[in-house]
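Worksheet: the structure to be examined is printed underneath.
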Amino acid sequence: MIPNAYRSLHCNAIRAEHIGQNVTLAGWVNSARDHGGVIFVDLRDREGLTQVVFRPEENADVAAKSHDLREEDVIQVTGRVEQRLTGTENTKLDTGAVEVVVTTFSILNKADVLPFQLDRELSNEDMRMKYRYLDLRRERMNKNIRQRHKITNAARNYLDAEGFIEVETPILSNPTPEGARDFLVPARLSPSKFFALPQAPQQYKQLLMVAGLERYFQIARCFRDEDLRADRQPEFTQIDIEASFIQQNDIISLVEGLLASMFKAGQGIDIPLPFPRMTYQEAMDRFGSDKPDTRFGNEIVDMADVFAKSEFKIFRTTLENGGVVRAINAKGFAGITTGQMIRLNEIAIQAGMKVKQLAFIKVERNEAGVLEYKSPLWKFFGEEEKAALIAKLGVEENDIVFFYAGTWDEACNILGRVRLEIAEMQETTKGSTALNFLWVVDFPLLAYSPEDQSWVAVHHPFTRPKAEDVPLLDAGEYGKVRAEAYDVVLNGYELGGGSIRIHESDLQSKMFSVLGVTPEEQQIKFRHILEAFKFGAPPHGGLALGLDRIAMLVAGEESIREVIAFPKNNKACDLMTDSPTTVDFKQLRELYVQSTWKEKKKEEVTASGTQA
RNA sequence: GGAGCGGUAGUUCAGUCGGUUAGAACGCCAGCCUGUCACGUUGGAGGUCGCGGGUUCGAGCCCCGUCCGCUCCGCCA
């Protein structure tokens, strides 16, 4: 760091070679150890700690004044670097061989007692959020924020080196008909009209391809007005990428290199490339999820061949009616508690299980030393079935097998969820440093939404159908059409996703029609895209990475709030600034906006019965 | 919209079966202490047990309601 008016060195810079020199440091009092005579202060700045010593024999006035120092006071000290007395070196500090004997110092700003101690973890999240600036002063948070900068910087450098150009796209843009709920902004100069904050720069980046930019990226803030989670905030950051004259493999290689550069910058590790790839179908079949956590096994196994001719009627008829019978062997989990079993069944029901309990087989050795298969259904199986089942699932002592019979969708959902919960219960990934990257490819283009009674885009409406599946699209077999879409997954988290896009106006228009957007609506909402594609749009595609999630995983954190300087809480509020807030009537009047919200009054609720 | 967990000193937590004056650690304040580094040591202050109601002779503990925080489901193209 360049010396400046307040300091000649930072607090992690002084070494043995500085002994004898005069230095000036500035920072916070990390701790003050007052021995009545001599006083030690660990002076902290963002780079580290230096021990400074106040000695009465050096300067009695200065030493006397130092008795008043309290933690987190901001001070500036000038003194002489000395070697520490033999035996008092501190090997825990980079600067632990030396100390600064203070000749003069000044208190730049006295600190009140903090609402919490910075050297201890605190669990009270509202307190952390209310005093976020203090929370961020703690070493762990400080490290997270700086690490995030490093990986963002690495991403910029990598993309720049690959010829990508960073372009800012509008924050004030149009509402999107599909997808998440929009944040709306009233447009004062166009009364009764609204902007929306972008959920993603999707259309703009495609139009930049039509503009001939060829390679675009943006560290883009995106906004979605949906409920929050540990890995979801209403505003979040994407590394948004789009390129022309590229195909899926090009994007995949590019993004693998990009992620490698980010993990190198953040963790100093080299992640092995290329990442494994898996089709959507395989991911669902084996893991019941389109973002499988492959750090552990317990995969879903199809049991159709074992039970096709089973005496056990439920399994056989399910198969005969086109359903599936699938199982998970939870290795070593026969010791499952009653409470855990109840919990698993609750999760299965929540995931759509039609029956009350998952069928299971628990394998334990009894007192006589004989293996016992404890199960409500074991007695229904024939000897051949039992042998085939044991062989196929690799069943051993202390395993417990869970079955589900029903539709393919149900089996994926239920067993996928159960698989994750079992891993949670067994603490399978606790303390793991594994980084299991993979690509999930060949996503379906469309999915039927029973709620809307229409087909919806699985990725988004600009996604290109696979060329060989276009006949299926023409034939109206929408559920069978695969997309040129891909997701990159790490340890069960979706890091990002993208697709090759439609670049032909007529195909795009057809896609909108399939999604139930009438030609009139297409002209109103998407005229700019449909027109642009007529004026020489190059083939193009791209991807967006969730920067917050990547930063979270690099930092080993379990919530993206730990890598966002000023995040929102569960209810999308900022407890520090108390945002969002009410606004003046005058401000609303300028915008021609009036709230229809009314506070629910207790009297109305309770009195409604008696008044009637 | 739904489910679960939590809310006790400034902070992190304990609080047994409902029973005396609600405890500990750290922090804070004051004194002592010239080589500590989680300094030590002596003493002290600090509580609307989230809030409201109920049961009870008696509630931090049981019941009902409510608020706040977190996690998950729904939702998130």
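The values are calculated or read from the model by the stated rules, or taken from the named source; none is laboratory data. Here the structure is a predicted model, which means the values were calculated and not measured. Cβ coordinates were reconstructed from backbone atoms using ideal geometry, including for glycine residues, and neighbour counts include every protein chain displayed. Calculation scope for accessible area: heavy atoms of the full protein, side chains included, ligands and nucleic acids excluded. Shrake-Rupley method; radii C 1.70, N 1.55, O 1.52, S 1.80 Å.
The residues packed around A:Gly492, meaning those with a beta-carbon under 13 Å from its beta-carbon, carry a net charge of -3 if Lys and Arg are +1 and Asp and Glu are -1.
Working note: Debye formula, equal point scatterers on the alpha-carbon atoms of the stretch A:471-579, no solvent; log10 I(q)/I(0) at q = 0.12, 0.17 Å⁻¹ is -0.70, -0.93. Note on the stretch A:154-293: Rg/Rh from Cα positions, Kirkwood definition for Rh, rounded to two decimals, is 1.02.
When only the heavy atoms of the protein chains count and the probe is 1.4 Å, how do A:Tyr280, A:Tyr448 rank by accessible area, highest first? Don't skip to the end; give the middle numbers.
Working: A:Tyr280 50, A:Tyr448 120 Å².
The ranking, largest first, comes out as A:Tyr448, A:Tyr280.
Using all pairs of distinct alpha-carbon atoms, the Kirkwood hydrodynamic radius of the stretch A:199-244 works out to 11.6 angstrom.
Calculated from the alpha-carbon coordinates, the stretch A:238-287 shows an Rg and a Dmax of 13.5, 35 Å respectively.
Bridging of A:Lys568 to lysines at a Cα separation below 22 Å is possible for A:Lys130, A:Lys143, once same-chain residues fewer than 8 apart are set aside.
Of the residues A:His503, A:Val470, A:Val458, the one whose Cα sits farthest towards the positive end of the charge dipole of the stretch A:433-576 is A:His503 (charges of +1 on Lys and Arg Cβ, -1 on Asp and Glu Cβ, taken about the Cα centre). Would you please state the base-10 log of I(q)/I(0) at q = 0.17, 0.27 1/Å for the stretch A:274-322, with intensities from the Debye formula using one equal scatterer on every alpha carbon? Here log10 of I(q) over I(0) equals -0.64, -0.95.
Here A:Phe333 sits with roughly 10 square angstrom of accessible surface, probe radius 1.4 Å.
At 1.4 Å probe size, with every protein chain present, just tell me what the per residue accessible area of the stretch A:312-362 comes to in Å². Before the final figure, lay out each step's value.
Values: 2630 Å² over 51 residues.
Spelled out: the 1.4 Å probe surface of the stretch A:312-362, per residue, equals 52 Å².
Taking amide H as placed 1.01 Å from N in the peptide plane, A:Thr103 has its amide H under 5 Å from the amide H of A:Thr78, A:Gly79, A:Arg80, each at least 5 places away in sequence or on another chain.
Solvent exposure of the stretch A:459-612, expressed per residue, is 55 Å² of accessible area, with all protein chains present and a 1.4 angstrom probe.
Which value, in Å to one decimal place, does the Kirkwood hydrodynamic radius take for the stretch A:362-401 when every pair of different Cα atoms is included? Walk me through the intermediate numbers first.
Numbers: mean 1/r = 0.0944 Å⁻¹.
With all distinct Cα pairs of the stretch A:362-401 included, I get 10.6 Å.
Please list, or write none, the lysines whose alpha carbon is within less than 21 Å of the alpha carbon of A:Lys598, excluding same-chain residues fewer than 8 places away. Once the sequence-local lysines are set aside, what remains near A:Lys598 is A:Lys571, A:Lys586. Computed over the stretch A:223-372, the Cα gyration tensor eigenvalues convert (square root of 5λ each) into semi-axes of 40, 21, 20 Å, ordered from largest to smallest.
In the context of the full protein assembly, A:Asp45 retains an accessible surface of approximately 10 Å², using a probe radius of 1.4 Å and ignoring ligands and nucleic acids. For A:Lys386, the lysines whose Cα comes closer than 26 Å to its Cα, not counting residues fewer than 8 places off in the same chain, are A:Lys309, A:Lys313, A:Lys331, A:Lys354, A:Lys356, A:Lys362, A:Lys374. Taking the accessible area of chain A, probe 1.4 Å, and keeping the other protein chains in place, the carbon and sulfur fraction comes to 50%.
Across all Cα pairs in the stretch A:341-408, the calculated P(r) in 5 Å bins from zero up to the longest distance comes to 3, 15, 22, 24, 18, 13, 4, 1, 0 percent per bin. Estimated at the nearest 10 Å², the accessible area of A:Tyr373 is 60 Å² with a 1.4 Å probe. The Cα trace of the stretch A:410-476 gives Rg and Dmax of 17.7, 51 Å, the first to one decimal, the second as a whole number. Histogrammed with a bin width of 10 Å, the alpha carbon distances of the stretch A:1-78 distribute as 19, 52, 28, 1 percent, first bin at zero.
So what's Rg/Rh here for the stretch A:69-157, counting alpha carbon atoms and using the Kirkwood radius for Rh? Could the numbers behind the result be given before it?
Working: Rg = 17.6 Å, Rh = 16.4 Å.
My calculation of the ratio gives 1.07.
For n ≥ 4 DSSP H runs only, could you compute -39500 (n - 2.57) per run for chain A, divide by its residues and tell me the 222 nm figure to the nearest 500? Spell out each step's value before the answer.
Details: 18 runs with 186 residues, N = 612.
After summing the helix terms and dividing by residue count, I get -9000 deg cm²/dmol.
For the stretch A:129-136, the Karplus equation 6.51 cos²θ - 1.76 cosθ + 1.60, evaluated at θ = phi - 60°, returns couplings of 6, 5, 10, 4, 5, 7, 4, 5 Hz by residue, with Gly and Pro reported as x.
Give me D for the stretch A:226-311 in µm² s⁻¹, whole number, from Stokes-Einstein with Rh from the Kirkwood sum over alpha-carbon pairs, 4 °C and 1.567 mPa s. List each step's numbers first, then the result.
On the way: Rh = 17.0 Å.
Estimated via Stokes-Einstein, D reaches 76 µm²/s.
Before I look further, what does the stretch A:1-153 give for accessible area per residue, probe 1.4 Å, in whole square angstrom? List each step's numbers first, then the result.
On the way: 8480 Å² over 153 residues.
Roughly 55 Å² per residue, with all protein chains present.
Backbone amide hydrogens, once placed in the peptide plane, bring A:Asn436 within less than 5 Å of A:Asn491, excluding anything fewer than 5 places away on its chain. Can you give the Rg to Rh ratio for chain A, taking only C-alpha atoms and Rh from Kirkwood? Looking at chain A, the ratio lands at 1.05.
Where does the stretch A:302-416 land on Rg(C-alpha)/(2.2 N^0.38 Å)? Display every interim value, and only then the final one.
On the way: Rg = 13.8 Å, N = 115, 2.2 N^0.38 = 13.4 Å.
In units of the 2.2 N^0.38 Å rule of thumb, it is 1.04.
Note on the stretch A:69-117: semi-axes of the ellipsoid equivalent to its C-alpha gyration tensor, largest first and rounded to whole Å, are 25, 16, 7. Seen from every direction in turn and averaged, the convex hull around the alpha carbons of the stretch A:368-503 projects onto 13.5 nm². Relative contact order of chain A, taken over Cα pairs closer than 8 Å and 6 or more residues apart, is 13 percent.
Roughly how many Å is it from the Cα centre of the stretch A:192-229 to that of the stretch A:463-523, as a whole number? Measuring centre to centre over Cα atoms gives 18 Å.
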